[in-house]
Every structure is written in C-alpha cells, then in structure tokens.
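Accompanying notes for the structure given below.
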Amino acid sequence: MGRKFELRKEVELAATSQQVWDAIATGPGMEAWFMAQPAPDAGACEVWQPPAHLSITTPAGPDGSFHAFEYLIEARDGGSTVLRFVHSGFLGDDWGAEYEGMTSRGWDMYLHTLAEYFRHFAGRPAVYLTAEGPEVSAKPEAWPVLLRGLGLDRAPALGERVRLTPAGLPPIEGVVDWVEEPDGDFLAVRTEDGLYRFHGRAALGMTIAVGHHVYTPVDRAAADEAWARWLHGLYPAQG
C-alpha cells in the first residue's frame, strides 16, 4: 500500500539569495552539489519567482506516485541566506526503501554538500562524477572491502584528515566532512579541489556508488569509467 510523505529541511548558507537560486534552478548549479541533470523548466513549475521561491511537481506514475519539491529562499543580514526545503508526495506500494533513502542518507547529506560548496568552492564550475559497483556490492559486507580499497583500516571520524589511495586513480587527500550513524557506511571527504562521496547502500538493497563533485577541469567520461573500473575491481566475483 502506498503512502503520503512530507520532509521539511532548513539550512543556512554562506551565499546570496541569487547564488542559492542559481544552485537549485540551473543545470551547472545543481551539478555543483547534487547531480548532473536538466534544470527545472520555468513553464512546468507551479511557482517560479527568482530568487525567492521555486515549486515543482513531477508527473504521476502508473501507481499514482509523484514528488513535489518546494524551495523558499530568504536573504539574511550579512550576506547569508536561509533555504527552506519541502519534499512531499506519494510513494507507491514498494515505498520503504525509497523513503528510507530520502530520510536516512538523502537530503541532509545533499544540503550539507550544498553548504560545503558555498563555504569552500563558491563560483567554481563543477564536474559531477558517478559510478556504481557490481551487484555483489549491495551486501553489508561490501563496505569494509571498499574502505580497504581506499587504503583505510577503519571508518574515519568527522574532521579527521585522510589520504585515500584507490588503485589506478590519483590519491585523495582531505578532511572527512560528513559521517552517518549508526551504520557508518558512507564516507564524504573534502579536498582542495572537490567533494568526494562514497555511498554504501546495502540497507536500501542497492549497490555501492560514488558521486563526486570536482571543481577542476576533468574528462567526465574517462573519470566515470575509471571509478567504475575501480569499484568493479574490488569485487571480482561479479566485477
């Protein structure tokens, strides 16, 4: 049986209201903190009031499921901005994993990444890199394998400086900028040129994945392929 849902989030950002609008309403802006995807179509939005209010609803699926996204942007004294975000809608019969993904490791992490972008990389164009591991990585025991593949013997703590050494890829040196409890199967590292995110998604029945935001020129296709090759190489049984 499906269910209605509503998630409300709020984050203060070191950015102007126009900068926040650009981050949520343009393709390059979303690539800097979320994913590489088309920008919202102003004509398809219920509300399009730059740089203060954006609201859009996806078309309903065959099972009646849909998603609605609302962004309210409020400028504050001193140049900061508060973003209030509401994600609501209706999920189909198999709603458990999707809802869990949005709540346990979804919007809090992405909005944190948005704040990190403005704090450390504002104005720099981004390339979003993504790759997924093989089916065998959808198991809980796959996460320690990934950590070892990065040259780690344990899950690092928030604020800890790390040096990741994925075979066949350049080392990644930076600070852990996000952790999740109690599972701990997520690793986010901020470097001088990027925000690197490693997602363990076994609790959702999904494979391990990477989703990095790199703020220096890079060949996206080649980099995606290199990360996919690394991930699959960690799990040779199904790589």
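The values are calculated or read from the model by the stated rules, or taken from the named source; none is laboratory data. The shown structure was predicted, so the numbers you read here are calculated from the model rather than taken from an experiment. Virtual Cβ from ideal backbone geometry, glycine too; neighbours counted across all protein chains shown. Heavy atoms of the whole protein, side chains included, go into the accessibility calculation; ligands, DNA and RNA do not. Shrake-Rupley method; radii C 1.70, N 1.55, O 1.52, S 1.80 Å.
Computed over the stretch 37-166, the P(r) curve from all C-alpha pair distances, binned at 10 Å from the origin, holds 9, 25, 35, 22, 9, 0 percent per bin. Tell me, what is a quarter of the convex hull surface for the C-alpha atoms of the chain, in nm² with one decimal? Directional mean of the projected Cα hull area for the chain stands at 13.6 nm². Distance from the alpha carbon centroid of the stretch 33-93 to that of the stretch 128-149 works out to 30 angstrom. Shown for the stretch 119-239 is the translational diffusion coefficient from the Stokes-Einstein equation, using the Kirkwood radius over Cα pairs, a temperature of 25 °C and a viscosity of 0.890 mPa s: 168 µm²/s. Of the heavy-atom accessible surface of the stretch 131-239 (probe 1.4 angstrom), what whole percent is carbon and sulfur? The value for the stretch 131-239 is 54 percent carbon and sulfur by accessible area.
Judged by the mean number of other Cβ atoms found within 10 Å, the most tightly packed of the peptides 48-55, 198-205 leads the ranking 198-205, 48-55. Note: the stretch 1-98, Cα convex hull, 104 Å³ per residue. Taking only the C-alpha atoms of the stretch 200-239, the Rg (one decimal) and the largest Cα-Cα distance, Dmax (whole number), read 12.2, 34 Å. Applying D = kT/(6 pi eta Rh) to the stretch 144-214, where Rh is the Kirkwood radius over alpha-carbon pairs, T corresponds to 25 °C and eta to 0.890 mPa s, the Stokes-Einstein value obtained is 199 µm²/s.
If the chain linking GLU192 and ALA39 were pulled fully straight, counting 0.36 nm for each residue of separation and taking away their Cα-Cα distance, it would gain 52.4 nm. Label-to-label distance for ALA68 and GLU180 is 2.6 nm, based on points extended 7 Å past Cα in the beta-carbon direction. Per residue, the solvent-accessible area of the chain (1.4 Å probe, heavy atoms of protein chains only, all protein chains present) comes to 49 Å². Per residue, the convex hull spanned by the Cα atoms of the stretch 9-56 measures out at 83 cubic angstrom. For VAL218, neighbours were defined as the other residues whose beta-carbon sits under 11 Å from its Cβ, and their charges (Lys and Arg +1, Asp and Glu -1) total -2.
Remark: the LYS9-THR57 segment gains 15.5 nm on full extension, using 0.36 nm per residue and subtracting the alpha carbon distance.
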